[in-house]
Amino acid sequence: MGTAITPQLVDTVDTVTAVRSYSSGTSRGLRVCQVERWGLRTECPTPEDPFADSEVTWLLPELNLRLTQQRPRSRHARTGPSVLTAVRVRTDGRVWRTTDLLLGLAAPGGTTARIVRSEEFAAAVAGRVLRTGDADLALCTVHKTLEELSRFRHDLSAWLAYKRIFEVWPPF
């Protein structure tokens, strides 16, 4: 069974209306939408997910990364790993556009981060959905981030502090 090749996934966030629009054509109002010196902080409800109440996302344009954490519905549930996804970010001040480069890292905290979505990435490269420059950016971003995280014993908070982002992650 092969991996389905999808068109590039480009999402937009309008910081004035606090609405995130997905490649699929759906839109969702954001609980949090705040421009920070390091990027954009959002929180989006996930009513279709039986386990997650919301998704917290930080866009880090200088690092070509999107940092995501699912906030569980139950206070007693264990949280899943944080996910660092390679993205290309463009902003005109009001609207932030992210192109998902289909490769990332799952960072469970306390254990080694691992590369995720590699099959989807490979299929997109083979199917020429991802351009060569985007594929190179994704590979370089993910491998550089994994190397840096390993220097901090896979501690995302320590790595973020190294990047001069001193806010608490995950933000619960």
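The values are calculated or read from the model by the stated rules, or taken from the named source; none is laboratory data. Note that the structure is predicted; figures quoted are calculated from it, not measured. So basically every Cβ, Gly included, is an ideal-geometry build from the backbone, and we count neighbours across all protein chains shown. Note: accessible area is taken over every heavy atom of the protein model, side chains too, but ligands, DNA and RNA are not part of it. Shrake-Rupley method; radii C 1.70, N 1.55, O 1.52, S 1.80 Å.
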Share of accessible surface on carbon and sulfur in the chain, whole %, 1.4 Å probe and ligands ignored, is 54 percent
Placing each pseudo-label 7 Å from Cα in the direction of the beta carbon, CYS140 and GLU62 end up separated by a distance in nanometres of 1.7 nm
Between THR111 and ARG164, the FRET efficiency computed from the C-beta separation at R0 = 25 Å comes out, to the nearest 0.05, as 0.50
Projected convex hull area of region 1-86, Cα atoms, direction-averaged, in nm², equals 7.3 nm²
Per-residue ellipticity at 222 nm attributable to helices in the chain (runs of n ≥ 4 DSSP H, -39500 (n - 2.57) apiece, nearest 500 deg cm²/dmol) works out to -6500 deg cm²/dmol
Sparse-neighbourhood loop hits (GluC sites (Glu not before Pro), region 1-104; DSSP loop; Cβ within 10 Å at most 11 others) -> GLU48
Lys and Arg at +1, Asp and Glu at -1: neighbours of ALA52 with Cβ under 11 Å from its Cβ sum to -2
Ignoring ligands and nucleic acids, ARG94 exposes an accessible area, probe 1.4 Å, in Å² to the nearest 10, of 110 Å²
Per residue, the convex hull enclosing the alpha carbons of region 75-172 has a volume in Å³ of 136 Å³
Residue span SER27 to PHE51: 0.36 nm per residue of separation minus Cα-Cα distance leaves a gain in nm of 6.6 nm
Mean-square fluctuation maximum in Gaussian network of the chain, Cα pairs under 10 Å, restricted to LEU60, LEU103, LEU160, hits LEU160
The set of residues whose placed amide H lies less than 5 Å from the amide H of VAL116, leaving out same-chain residues fewer than 5 positions away, is GLY104, LEU105, ALA106
Working note, the chain: Cα radius of gyration (Å, one decimal) and Dmax (Å, whole number) are 15.7, 44
Given the candidates THR68, VAL125, PRO170, the one whose Cα lies deepest towards the positive end of the charge dipole of region 35-172, counting +1 at each Lys or Arg C-beta and -1 at each Asp or Glu C-beta, is PRO170
Between the alpha carbon centres of region 99-172 and region 31-74 the gap in Å comes to 15 Å
For region 45-141, listing chymotrypsin sites (Phe, Trp or Tyr not before Pro) in a DSSP loop whose Cβ sees at most 16 other Cβ atoms within 10 Å gives PHE51
